[in-house]
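Everything on this sheet refers to the single structure shown next.
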Amino acid sequence: MDTDDLHRLRRFEPGVHLPALGILLAGLVLLLPMALEFQVAGLDRPLALLAVPAPALALTWLVKRV
């Protein structure tokens, strides 16, 4: 990744960055029951496992769209 790619990633583009923010927020929502020790129908750990790839998915979204 060269400096031009880095500058393109830093520039705010709603069509690129807002979906990435949504992916990260979805991961946060999936982690909240585990972080707050609150069981949602006994699914606190499986939900937390679903949230693990959220940062990588958001970064992949950014790189593919830019």
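State which helices in the chain qualify, where a helix is a whole DSSP H run, it must extend 18 Å or more along its own axis by its Cα atoms, and its mean Kyte-Doolittle hydropathy must be at least 0.0. Answer set is 14-35. Residues of segment 6-29 with backbone nitrogen within less than 12 Å of a virtual label 7 Å along the Cα-to-Cβ line of R45, please, listed as ranges. No residues fall inside that zone. Using the Cα gyration tensor of the chain, with a ≥ b ≥ c the square roots of its eigenvalues, what is the shape: rounded (a/c below 1.5), prolate (a/b larger than b/c) or oblate (neither)? Cα axes put the chain in the prolate bin.
Working from Cα pairs under 8 Å separated by at least six residues, relative contact order for the chain is 44 percent. Among the protein heavy atoms of the chain, carbon and sulfur supply 70% of the accessible surface, probe 1.4 Å, non-protein parts ignored. Per residue, the accessible area of the chain comes to 77 Å², computed with a 1.4 Å probe over protein heavy atoms only.
The values are calculated or read from the model by the stated rules, or taken from the named source; none is laboratory data. Note that the coordinates shown come from a computational prediction; the quantities given were computed from them, not determined experimentally. Ideal geometry is used to build each Cβ from the backbone, glycine not excepted, and the neighbour counts take in all protein chains shown. Remember, those area values only see protein heavy atoms, side chains included, never the ligands or the DNA or RNA. Shrake-Rupley method; radii C 1.70, N 1.55, O 1.52, S 1.80 Å.
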